[in-house]
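The values are calculated or read from the model by the stated rules, or taken from the named source; none is laboratory data. Computed from a predicted model, the values in this text were never measured in an experiment. Positions of Cβ are generated from backbone atoms using ideal geometry, with glycine treated the same way; all protein chains shown enter the neighbour counts. Please note that ligands, DNA and RNA were not included when accessible areas were found on the heavy atoms of the full protein model with its side chains. Shrake-Rupley method; radii C 1.70, N 1.55, O 1.52, S 1.80 Å.
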Amino acid sequence: MGLNKGYKTPDEYIGTNPTFGDPSSVTIGNTSTLAIAANTNRKYLVISNDSTEDMYISFGSAAVINKGLRLNANGGTLEWFGPNVFGSAVYAITASGSKRMTYQEAA
């Protein structure tokens, strides 16, 4: 752990040989949209809002405007790694729809 002062690196959480999927994107609507399919083997997930409008995300259930986790406009990002990464489906919603979310995951 050397220079990390006791903090673990991502490889220490997800293993030394995670299999990363291709970077992907999805168009999020103004109704709850399935953004990322469930993956019970998921060890890493990064999601970024590549649009000019806030997005709201939910794990395993429909997304609702102004509830759940907010991804800020213009690059708001959430990253999870480790043994407790959510394996459920990810849903998202925007106020006007037709907005782009980008993501990448590893198993």
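Odds and ends about this structure:
- Pick from segment 49-97, criterion of a type in the set (S, T, Y) and more than 24 Å from G21 (Cα to Cα), ranking: least open to solvent (accessible area, probe 1.4 Å): T94
- Residue within segment 12-24 that is more than 12 Å from the chain's Cα centre (by Cα) and part of a strand (DSSP E or B) present: yes
- Residues located in segment 61-87, provided they are within 24 Å of A107 (Cβ to Cβ), assigned to a strand (DSSP E or B) and not acidic (D, E): L69, L71, T77, L78, W80, F81
- Taken together, the residues in segment 98-107 that are assigned to a strand (DSSP E or B), surrounded by fewer than 19 Cβ atoms within 10 Å (Cβ to Cβ) and not hydroxyl-bearing (S, T, Y) amount to 2.
- Residues of segment 19-48 satisfying the condition of being modelled with pLDDT under 95 and surrounded by 18 or more Cβ atoms within 10 Å (Cβ to Cβ): N39, R42, K43, Y44, L45
- Checking each residue of segment 45-60 against the condition of being assigned to a strand (DSSP E or B) and acidic (D, E) gives no match.
- Residue match in segment 88-96 (condition: of a type in the set (F, W, Y) and in a strand (DSSP E or B)): yes
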